[in-house]
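All of the numbers you see were taken from the coordinates with simple rules; none came from a lab. Model, not experiment: these values are computed from the prediction.
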Amino acid sequence: MKKHEHEAEAEAKLEVTLTKTANNQSPTFCVAMLKNGSTVKLEGEVKEFLQTIKDSDFAWVNVQVGDLEKDGREVASMLGFNPMIIDELVKQRFSGYEDHTTELGLLLPAVRVSELEVEINKLIILMKTNLIVTIHGEHVTRIVKFARYAVTFFKKVPKNLEDVDKISLVLIRILDENNERNFDGIRSIQEQGEEISKYLIQPSAPRQELGSDIYKMKHALISYLEALWATLDVVHYLRYGDAEIITDDPIILQKISMLTTDLTRQISISEQMSTVLASGLEVLQSIYNNQLTILNNRMSLLAVWMAVIGTAFIVPNTIATIFGTPVGEHVEWRTQLLIMLGTTLISVIFVYWFARKKSLMPPKGE
């Protein structure tokens, strides 16, 4: 009796030791519900997790790799998966779904937005009856952050469920975490949109930079929407539980339907932002057109008045030149002055009338 009590105490100490590294998360870890009912979390290398996985009721292994294809194949092979499933998933652009009956492979986008730069990384999920594996590069940190709560989540999984139901619940929780972190991207894009909106109402704002920023925002929205649509495609494959590895329990499948609803709502929000952005581009184009019209009108007005002023100088100068010849000796100076003033006034009026007649002057108020 004392021996059994000693073994139970040793197992409890081991569980505490294995799960006390929450402040310093390793990107490669294993969380497992052992067959004796205890939950453990290990950090280290994949080969160190193999015995724990054998002794577990169900387990989750997360691995960070440098090369998703090469290193991913090695990890998959080590954990008992067909390495070909990695090749099939990696060659996909943003999302993938590979059902090998006893194995299931998913490829999901992990979106990271920095200002108006959208970075889409790949997250691979492999599943067997009692094992789920997530493989990703170094820029995907959301899974590691979620690992702090993984032990608690595993303890909440009902022990009387089938293995496929248990592993499906873990999958849904991972998908939900990835989606929530993806949804953070729209907030970043919205914040940048607010900054751009401030410049739209300022006449003195640099239009060239503003146009470039609006283009970047539009490109970011398109990339973000593409990632959400890719995620929705994968979730659609899962929501009916057609794969052998996925549960067909209607209550658990309802959770997948909730993921679909969340994704649809986020896509709708993004599309509304795209519509608003298109309106902003039209406003910017109108501003450019108005400024160009105003500039053309000012140039036309300046040209007309230059013609009028030129006439006011050229006509009297020409007549004065004529009166400087012997012809002027026979004309009194008062008459000369009267002729110069009269012809100048008539010429200026004629030029102004001609410009108005030919619509060379812009309308009033412009």
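Remarks
- Taking 0.36 nm per residue of separation and subtracting the Cα-Cα distance, full extension of the segment from Arg148 to Asp233 would add 27.7 nm.
- Pairs from Lys145/Lys255; Lys54/Lys166; Lys47/Lys159 whose Cα-Cα separation, in the structure shown, is over 18 Å: Lys145/Lys255; Lys47/Lys159
- Taking each of Lys122/Lys216; Lys41/Lys91; Lys70/Lys156 in turn, the alpha-carbon distance tops 27 angstrom for Lys41/Lys91; Lys70/Lys156.
- In sequence order, calculated HN-Hα J values of the stretch 103-118 (Karplus, 6.51, -1.76, 1.60; Hz; x Gly/Pro): 9, 9, x, 10, 10, 10, x, 10, 8, 10, 10, 10, 6, 10, 9, 9
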